[in-house]
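The values are calculated or read from the model by the stated rules, or taken from the named source; none is laboratory data. Note that this is a predicted model, so its numbers are computed, not measured. With ideal geometry, Cβ positions are generated from the backbone for all residues, glycine too; neighbour counts draw on all protein chains shown. Just the protein is used for accessible areas: all its heavy atoms, side chains included, with ligands, DNA and RNA removed. Shrake-Rupley method; radii C 1.70, N 1.55, O 1.52, S 1.80 Å.
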Amino acid sequence: MQKDKYYAIIYYIEKIIYRRNNHATDIQNRKSILHKKLKSYANSTMNYIQSRWKIYWKSYLILLIIHVVGILAILQADVYYADDVDRTARGFRGFGNTFGRWVSEYLSALLHTGRNLTNISPLTQLLAVAICAASALILIRVITETEKFSKWTYLAVIPLGLSPYFLECLSYQYDAPYMVLSVFFCIFPLLFAEKSLWIYGIVSFFCQLFMCESYQASSGIYSMLVLLMCFLAWNRGESTKSIGKFLLVSVAAYVAALILFEILCNLFANPDSISYVDASIPTGTAFFENAFENYKKFFSHIWNDFQKVWKLLIAIILFFFLFITTRESKRQKWLSLLCGGFTLIVLLMLPFGVLPFLASPTDSPRAMYGFGALLAMLTIVIVNAKPKFLNLCGKLSCVALSFCFLIFSNIYGNALQIQQDYTDTRTQTIIDDLIDLEVMDSEKTLYFQLDYTDDSWESPIFNKNPAYAYKYNNILGRLLGKNYGNTRWIEQKLTYYYDLDLKFDRSIDLSTYDLPVLVDNQYHTISGNDEYIYVVMK
């Protein structure tokens, strides 16, 4: 019996050891299989990227060259645009805690290799156009659904990154890459729509969240592209059920991203510190009244900003979009025309994203570049239509508009340089007169305020040359006025860049003070005493 028990124990011990050895061997085999699968997946991914690169690198290079040519004048001007003045002086970021732009916050620290920013332009602006060219390439691929692009298409996509409104974004030497990246996040998810709706939905959600956390003015681009893709798919005769699923997933991802972003902003951001916008959303009837007024303001800007030729070409483009989509439709022509018209109306309401629904959104050009993205989408559709004579007229209109925008981008860049030279001269005359004043010898810090009358900041060249005159070209005035029509930037230069012992307090209105005139010449009037200095530019 004892021997039997002994043999039984030995048997069970050997069985346990055998099982453990088999289990260890099984784990090792599984690890080996997983490693082989991961290696195979990595190799297939790299092969896919290499194959795509071989197909698209020439197209990307062409688009990159076009965009670089478009901003050459801006790069040459080398101007500190708006916030660039403050960022250069103080090195602050401030994207996340005020605007909820945490992607911009952390990427800027990574790009500048530190928490405090320094000027590394033109690298930032070149990086911006590189991202812009990639966005244009993806937009063409998504809309045309082909790997071979026509020469027309390279020119048609120009309004995406070189529209007059987007030029303000490219003017920023610090913010430009993150503004352009927000556009990329809006277009990139559509590449996955052909593969899997689940993957597409997940990618769309994160990309729209990242868009909000980089620059919210892009919030309408994804919506426009999704709606356009739905209409084009329906127009080709594709299944309404599959289109509905695609639309449902897109809307769900978009809304979920906006809700999560709103929650994050309420928890971690401080939008109340922003003085020039009110990001709250009105309720009740005030919501519709406010939205109507904001839409009216945005479209009024478009009407006043664009030259007559531009508006004519845009009208022709809208007509040919309806004409071509109706003519090539696999549906009934009258139904296609009706749906095309409805789609076009909705598309025209989407370029500004969520901005019209805010209590008081910014109406700066940089908030309106979604309209340029819409023009790019429509022109891509038109230039890829079947080669017929009437279609050729539409293609020529698209190329003509792109050419106008390309020329304007260089006009604007050179105008920046002209205005900067004049502003530097005016600033230097103020400094020369200030340092000669006896009150400046005081050990006490003086309160300083700078004001201007009418367009005193404006270079005289813009009034003498009709091509520059703002009454004929309002968008140029708005782009330059953003930088030079704001005394804040000149005030900051006087203190940060030239180290004058002055203090700014906009809560005090020195124009109401009865200050003695100290200097009065062709360029400005300086009034003041031993506490205040008030300069009015003429």
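Some points to look at:
- Looking across the stretch 268-298, the residues that are at pLDDT 85 or above and either open to solvent by 70 Å² or more (accessible area, probe 1.4 Å) or of a type in the set (S, T, N, Q) (or both) come down to Ile281, Thr283, Thr285, Phe288, Glu289, Asn290, Phe292, Glu293, Asn294, Lys296.
- Scope the stretch 150-203; condition in a helix (DSSP H, G or I) and over 22 Å from Gly372 (Cα atoms); matching residues: Phe192, Leu197, Trp198, Ile199, Tyr200, Gly201, Ile202, Val203
- Among the residues of the stretch 243-267, those identified as open to solvent by less than 30 Å² (accessible area, probe 1.4 Å), out of contact with any Asp or Glu (no Cβ under 9 Å at 6 or more places or on another chain) and closer than 25 Å to Val226 by Cα are Ile243, Phe246, Ser250, Ala253, Ala257.
- Looking only at the stretch 496-516, and only at residues there that are open to solvent by 20 Å² or more (accessible area, probe 1.4 Å) and assigned to a helix (DSSP H, G or I), the one that is farthest from Pro365 (Cα to Cα): Thr512
- Sole exception among (1) under 30 Å from Tyr81 (Cβ atoms); (2) open to solvent by 10 Å² or more (accessible area, probe 1.4 Å); (3) out of contact with any Cys (no Cβ under 8 Å at 6 or more places or on another chain) for Leu313, by number: (3)
- Qualifying residue in the stretch 163-176 (condition: surrounded by fewer than 17 Cβ atoms within 10 Å (Cβ to Cβ), without any contact (Cβ under 8 Å) to a residue 60 or more places away in the chain, of a type outside the set (D, E, K, R) and over 22 Å from Leu401 (Cβ atoms)): no
- Flag for Gly340 being within 27 Å of Ser135 (Cα to Cα), at pLDDT 90 or above and outside any helix (DSSP H, G or I): no
- Within the stretch 177-189, restricting attention to residues that are open to solvent by less than 10 Å² (accessible area, probe 1.4 Å) and among the hydrophobic types (A, V, I, L, M, F, W, C), the residue that is farthest from Ser364 (Cα to Cα) is Ile187.
- Some residue of the stretch 118-132 being surrounded by fewer than 20 Cβ atoms within 10 Å (Cβ to Cβ), touching a Gly at 6+ places or on another chain (Cβ under 7 Å) and farther than 30 Å from Gly394 by Cβ: yes
Yes/no per residue for (1) touching a His at 6+ places or on another chain (Cβ under 7 Å); (2) more than 25 Å from Leu375 (Cα to Cα); (3) open to solvent by 20 Å² or more (accessible area, probe 1.4 Å); (4) not aromatic (Phe, Trp, Tyr):
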{"residue": "Phe405", "(1), (2), (3), (4)": "no, no, no, no"}
{"residue": "Ile411", "(1), (2), (3), (4)": "no, no, yes, yes"}
{"residue": "Ile430", "(1), (2), (3), (4)": "yes, yes, no, yes"}
{"residue": "Asp436", "(1), (2), (3), (4)": "no, yes, yes, yes"}
